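Laboratory data are not the source of any read-out in this text; all were calculated from the coordinates shown. Not measured: the values here are computed from a predicted model. For neighbour counting, all protein chains shown are included, and Cβ atoms are generated from backbone atoms with ideal geometry for every residue, glycine included.
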Amino acid sequence: MTAIFDVRNLKKTFGGLVVTNDVSLSMAPGDRVALIGPNGAGKTTFVNLVTGNILPNAGSVMLCGEDVTRLGPTQRVRRGLVRSFQVTRLFPEMTPEEHVALAILQREGRSGRMFASHRAMPDVMQEGHALLSRLGIAHLARHRVSEIAYGQQRLLELALALALKPKVLLLDEPAAGVPQSDTARIEQAIADLPSDLAVLMIEHDMDLVFRFAKRVVVLAAGEIIFDGSPDAVTKDARVRQAYLGSYADARSVA
Amino acid sequence: MLSGSDTLSVTGDRRARLTRDAIGVLVILALGIAGYFLFPNNLALLTRITAIALLVLSLDLVTGYCGVATLGHAALFGAGAYGAAIAAAHFGIADPIAMLAVGIIAGSIAGLVSGVVVLRAHGLPQLVLSIAIIHLAHEAANKASGWTGGSDGLAGIMPDAVFGLWQFDLWGRTAYVFGIVLLIVVFVLLRQIVRSPFGMLCRGIRQDPVRIRAMGGSVHGTLVRMYIISGAVAGAGGALNAISTQVVGLDSLSFTLSAEAMVMLVLGGTGSLYGALIGTLAFLWFEDVVSAANPFHWLTIVGALLIAVVLFAPKGLYGSLASYFEHRGRKNP
């Protein structure tokens with residue numbers, strides 16, 4: 001498989017502190033990769049480097065064979081690199097219907113139109129409703145986001161990402177803060193993601209990681225210390241030492 | 001596929017929204033006609049209210065819809081006023097439609113310039129930049145007295161008849177009707193724009209610009225576009241003021257007017273366009289009544305009214321009414 005997303009030797013320093021050191025990560029369409037690591041491992045910095053919110057000191061980010069290292073965040077989104085947020089970022093006064101319509105129109109370059117309502121665009125309305133139904137929130141289409149439950153807001157966050165038809169999707173702790181009762185639906189939605197989409201999930205919840213990922217990448221102190229199968233990750237000595245040790249202990253106690 | 005009921009609800013929605021806008025237009029029209037017959041000696045004041053309403057609508061576009069804090073919005077209004085006035089006084093462009101067009105273009109350019117400057121910053125620095133702009137514009141107009149008449153104001157504006165048919169008369173009837181028609185046209189256009197995908201994008205930017213960027217949307221470009229539209233609307237208001245009063249003074253380019261426009265917008269309620277209209281009407285009408293009734297303490301009374309509104313109806317007159325009815329509508333569907 002050819003890589004659709006290829007991070008090569010990425011390096012970032014803040015002052016004298018190396019926060020991302022020679023990180024390389026390659027993904028093919030359909031990949032399901034989980035990025036894990038203890039607090040302070042540099043996961044957030046890595047996400048910001050990949051999405052273009054901060055620029056690296058060295059290394060490159062390739063998307064569909066194109067070098068996007070020097071491009072800003074919006075340019076990368078338009079090329080198919082889409083992220084979701086760890087804490088939902090939605091428009092509280094707008095409805096889910098408006099959210100997905102805006103995302104679809106944005107994708108198609110029609111969001112600057114001034115003399116038509118999205119409601120008068122049957123193609124946008126159909127696609128939007130299909131997307132909301134797929135995530136099981138179509139019945140909330142006309143409610144204000146501030147009035148719907150957090151679990152459903154997380155689903156809408158996913159719907160927004162999907163409406164942009166990404167090639168590479170970065171999920172930043174998609175189940176964070178969601179009550180237990182709703183996590184199953186979010187996991188289902190993640191399992192149902194398009195099969196040709198490359199998904200990189202940053203996650204703390206190891207149960208979710210093991211159910212989702214075909215491949216696990218472990219980041220510690222700014223470096224990738226493991227890149228392999230979920231089975232192998234628990235047996236890896238360095239990973240145990242850096243990260244899973246404390247987790248395994250906690251688990252055996254519980 | 002869209003099912004039959006969905007299609008119905010889409011067209012039903014559209015009808016509901018069109019009905020609401022039609023009601024809005026009818027209310028403006030009815031108030032306009034009532035004003036014409038009830039206050040025939042006060043048409044100049046009513047025309048001024050109309051011109052200021054355009055300024056406040058324009059402010060609502062950037063503040064209410066985009067969340068940009070500005071206390072320098074009269075710069076756009078003043079640009080339109082001086083643009084139209086200079087065209088008439090120095091270049092002999094006396095056709096009111098042409099003067100209006102010049103005002104709109106001047107306002108748009110002022111909108112572009114102040115948008116580019118003001119949008120460099122956020123929050124309090126943004127507010128300070130906007131204040132700097134209005135002071136600079138005021139000072140520039142004061143110094144360029146050869147063009148603007150400086151502190152004496154620019155007189156000698158003699159607009160021709162509208163379409164060669166309706167002369168501007170001593171009682172201000174033509175100017176008044178001209179203003180009301182202009183307001184209705186602008187209002188209908190703006191309702192379209194705020195409902196459009198572009199308007200939705202602006203509302204999104206106000207609520208979470210980071211999310212808009214994560215969708216691939218351009219925050220700065222969108223806001224600058226809205227600033228230009230806002231400038232066009234304020235410029236139209238300024239031109240109307242120039243045409244109707246036939247003199248333009250530095251007060252149309254003042255910090256006071258900018259601040260008052262903001263007060264009117266907050267009084268009526270932001271982000272609906274209706275609030276801007278109601279706020280302007282309420283503020284200027286109240287100011288007129290109170291200043292006539294009590295010339296010594298009227299500012300105190302206006303201040304007390306504002307405090308009352310902000311405390312008891314923080315969403316403004318229209319915003320509070322609208323949310324009251326929305327609340328009631330939900331209780332008794």
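In this simple spin-label model, placing a label point 7 Å from the Cα along the Cα-to-Cβ direction at both residue B:188 and residue A:110 gives a separation of 2.5 nm.
With K and R counted +1 and D and E -1, the other residues having a Cβ less than 13 Å from that of residue A:212 yield a net charge of -3. The relative contact order of segment B:17-253 comes to 41 percent, based on Cα pairs under 8 Å that sit 6 or more residues apart.
Farthest towards the positive end of the charge dipole of segment B:17-253, among the residues B:210, B:76, B:236, is the Cα of B:210, using unit charges on the Cβ of Lys, Arg, Asp and Glu. Summing Lys and Arg as +1 and Asp and Glu as -1 over all other residues whose Cβ lies under 13 Å from the Cβ of residue B:168 gives a net charge of -2. Mean residue ellipticity at 222 nm, helices only, chain A: -10000 deg cm²/dmol; runs of at least 4 DSSP H residues each add -39,500 (n - 2.57), and the sum is divided by the number of residues. Each peptide in A:35-42, B:175-182 was scored by the mean count of other Cβ atoms within 10 Å over its residues; highest first, the order is B:175-182, A:35-42.
Look at the dipole of the protein assembly as shown built from charges on Cβ: of B:96, B:153, B:329, the Cα furthest out on the positive end belongs to B:329. In this simple spin-label model, placing a label point 7 Å from the Cα along the Cα-to-Cβ direction at both residue B:323 and residue B:90 gives a separation of 4.7 nm. Both radii come from the Cα set of the protein assembly as shown: Rg as radius of gyration, Rh as Kirkwood radius; their ratio Rg/Rh reads 1.07.
Inter-label distance, residue B:31 to residue A:176: 4.7 nm, where each label sits 7 Å from its Cα along the C-beta direction. Once the mean of 1/r is taken over each pair of separate Cα atoms and inverted, chain A shows a Kirkwood hydrodynamic radius of 19.2 Å. Taking Cα atoms only, the orientation of helix B:74-91 departs from the longest principal axis of chain B by about 40 degrees.
Using 1/(1 + (r/R0)^6) with R0 = 22 angstrom and r between the beta carbons of residue A:192 and residue A:2, what's the FRET efficiency to the nearest 0.05? Here the calculated transfer efficiency is 0.30. For the pair residue A:55 and residue B:299, a Förster radius of 45 Å applied to the C-beta separation gives a FRET efficiency near 0.25, rounded to the nearest 0.05.
Full extension of the chain between residue B:289 and residue B:142 gives 49.8 nm of extra length, using 0.36 nm per residue less the Cα-Cα distance.
Taking the centroid of alpha carbons for each part, segment B:32-102 and segment A:216-243 are 67 Å apart. Extension gain for residue B:18 to residue B:308 (0.36 nm times residue separation, less C-alpha to C-alpha distance): 101.0 nm. The translational diffusion coefficient of segment B:26-165, from Stokes-Einstein at 10 °C and 1.306 mPa s with a Kirkwood hydrodynamic radius over alpha carbon pairs, comes to 95 µm²/s. Evaluating 6.51 cos²θ - 1.76 cosθ + 1.60 at θ = phi - 60° for every residue in segment A:95-104, the Karplus couplings come out as 8, x, 4, 5, 4, 5, 4, 4, 5, 5 Hz, glycine and proline recorded as x.
Per residue of peptide B:205-214, the mean number of Cβ atoms on other chains within 10 Å of the residue Cβ is 6. When only alpha carbons are used to place a centre, segment B:163-182 and segment B:275-333 end up 30 Å from one another.
Once you've got the Cα coordinates, tell me which of A:165/A:214; A:43/A:165; A:165/A:235; A:43/A:167 are over 29 Å apart. In this structure, A:165/A:235 exceed 29 Å between Cα atoms.
For chain B, the longest principal axis of the alpha carbon atoms and the long axis of helix B:219-245 meet at an angle near 40°. Oblate is the label for segment B:17-253. Its Cα gyration tensor axes, ordered a ≥ b ≥ c, give a/c of at least 1.5 and b/c at or above a/b.
By the rule of a C-alpha distance below 16 Å, with chain neighbours fewer than 8 residues away ignored, the aspartates and glutamates paired with residue A:12 are A:22, A:223. Looking at the protein assembly as shown, the DSSP beta bridges with both ends there are about 55 percent antiparallel. Counting Cβ atoms of other protein chains within 10 Å of each residue's Cβ and taking the mean over peptide B:189-200 gives 6. In chain B, the longest principal axis of the Cα atoms and the axis of helix B:123-143 are about 20 degrees apart. Seen from residue A:30, the other residues with C-beta closer than 14 Å to its C-beta sum to a net charge of +1, counting Lys and Arg as +1 and Asp and Glu as -1.
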